[in-house]
1. Could you check which residue among B:Q199, B:Q162, B:Q281 shows the biggest mean-square fluctuation in a GNM of chain B with a 10 Å Cα cutoff?
2. Among B:I232, B:Y287, B:V301, pick out the residue whose Cα is farthest towards the positive end of the charge dipole of region B:208-308, where Lys and Arg carry +1 and Asp and Glu carry -1 on C-beta, about the Cα centre.
3. In Å and whole numbers, how far do the C-alpha atoms of the protein assembly as shown stretch along each principal axis, longest first?
4. Please give the Cα centre distance for region B:116-131 versus region A:263-288, rounded to the nearest Å.
5. Compute the signed sum of charges (Lys and Arg +1, Asp and Glu -1) over the other residues within less than 12 Å, Cβ to Cβ, of A:I103.
6. Could you calculate the contour length gain from A:V208 to A:E186, that is, 0.36 nm times the residue separation minus the distance between their Cα atoms, to one decimal place in nm?
7. Comparing A:G86, A:G57, A:G190, which has the greatest mean-square fluctuation in the GNM of chain A with Cα pairs linked when under 10 Å apart?
8. So what is the relative contact order for region B:54-315, in percent, with contacts set as C-alpha pairs under 8 Å and at least six apart?
Amino acid sequence: MSTAVFNQNLAPELKAQTARDRLRLGRNFFWTAICVGASFLTLIPLFSIIFLVVSNGVGLLTPSVFFELPPAPGQEGGGLGNAIQGTALMVGIAILIAAPLGILSAIYISEYDKRSMLAAAVRFIAKLLTGIPSIICGMFAFATIVVSTHTKSSIAGGVALAVLALPTILLTAEQALLGVPHALREASYGMGATKFQTIFRVVLPEAVPAIMTGLMLAVARAAGETAPVLFTATSSAYWLSSLMEPTQSLAELIYRFGKYPYPHLIQLAWTASLVLVVLVTLTNVTAQLVFGKRKRR
Amino acid sequence: MTDGTESQIPSFHRKGFRFDLFRLFTWVASAATVATLVFIAASILVQAWPAIARFGLGFFTTVAWKTSDPENYGVLPYLVGTAISSLIALLLALPLGVLISIFLSENFLALPLRNTVRFVVELLAAIPSVIYGLWGIAVVIPIVQRIGGPIAGALGFLPLFQGPSSGNSMLTASLVLALMVLPTITAISRTALVAVPGQLREGSYAIGATRWETIFGVLLPTAAPGIVAATILAFGRAMGETMAVAMLIGNSPRLTWSLLSPAGTLASLIANKFGEAEDLQVSALLYAAFALMLFTLLVNVLGELVLRRAQKSISGLR
């Protein structure tokens, strides 16, 4: 280890002088081996998932798969067109609801009343919302929107996904705002700027990359969720013509097609998985780059 | 506003119409965020009320979910299934997760290699549940089918491993669940381990302890509250996990102790039955959803409180 940062981490080099020492060092080596082995063991399932998703999914990955309607059971051909359309629409609705709510709340708890009861409540509730099962988000949208409008719709699916996206957006935005150095705010006040001007001209521009990363993580997570849209939006075999009609999503298509006994439909489910995994991986790499850079600064 | 780290803001900055309006916006958004949770609980409760009024608490101690009997519902097998699948998942994921968090916080290997492992574990958390389900059908079910028979043959005298074995089973679901909660345990345990003050480690090395004597004797006990919090939060995640479990567990309404036979969880029950449910069954499923929400909230509140206490006790050591 050449980096000085990890000096405190360097284990002492012990020399065995007695049989008991040799036993202790042997035990030490044993656990190191177990620990490193276990860590690399977990790479196997992930590689297995990635390998299967790519090898099974790439076969049908042609440009036309993005623009065609899904096939009926037993038929060949077809694509994911309306599922991609539905997922994009519902994720869009979710972000449209959750982003203003989450970012404004984050501004309140990090720029205005940091120590108020409300700020503490927002932080606590946001943490709890991250732990709420996604099927509960679906049940919520069902109990409110589907019950009152008497139809499954992209609006209902979007609301269910918004509940899911809210805590991700809020908590990353809070981290983003807290990461802005205080000196910047002080310099802004020093030049006579108001609090509002400071937030909009100094703090937010500085925090935008990290907030955008949070939004992307929320998009990736919402796009892959099945349970919230299962009984609020899906399913449909056609293109959308309004916001108030059943809507297909990629994730639900994976769930439904994955259970059919038709190899072609199962392969289409793998292709849909590939699209989602690529989306998720790209957002995670971006997040790593943005937040990693911040920490180094 | 006496933060200590913040400079005093001159009072004229607190005036002005725009400022107040924007502050009001942020306040309203915050209030709405807090209200969300209450609103979710209330709206589910209202729709579940017919079933709650009819079945009461007996709902949780009854075995009944048949299409032939649409007037009678009880979730005991699913409640047991939720508890057992989450417990097994934790039993598998906890040792592995703690070992990985030690690997990530020690310097066994160069930083880039550790970061790769960390990235992979974070990616595990980001993969959609339904893809775990699809993968489980393709990979884990065939494995369990192959090993299930021999296990039932060798250990069949235990009720836990009674045959006949099935690919769609409690064991399959728990294995995949373990993989899915691994990132939660790893991330929180790692934070707890990294937060242990360096002096404690140095002190232990100074009296001649080996690295692993230090880990077992000093680091893990100091980080224990954080690891406990990680375990509780992971339990909450496992309880509510829906799609992968619904695709793998077999969704049997029978009460069984065998890990090799099909079972069900509250979440998988909802995912499987809600589509074709009508009238009272919809209400009963929403009752199950309300119960699931209460359980996960309870577990999560407990986890957050333990996590807070853990962070406090660690910062007291500095």
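Each reported figure results from applying straightforward, stated rules to the coordinates on display, with no laboratory input. What you see is a predicted model, and the numbers here were worked out from it, not measured in a lab. Cβ sites come from the backbone with ideal geometry, for glycine too, and all protein chains shown count toward neighbours.
1. B:Q199
2. Positive-most Cα among the choices belongs to B:I232.
3. Cα spread of the protein assembly as shown along its principal axes, largest to smallest: 79, 68, 54 Å.
4. Taking the Cα centre of region A:263-288 as reference, the centre of region B:116-131 is 12 Å away.
5. -2
6. 6.0 nm
7. Ranking A:G86, A:G57, A:G190 by mean-square fluctuation puts A:G190 first.
8. 28
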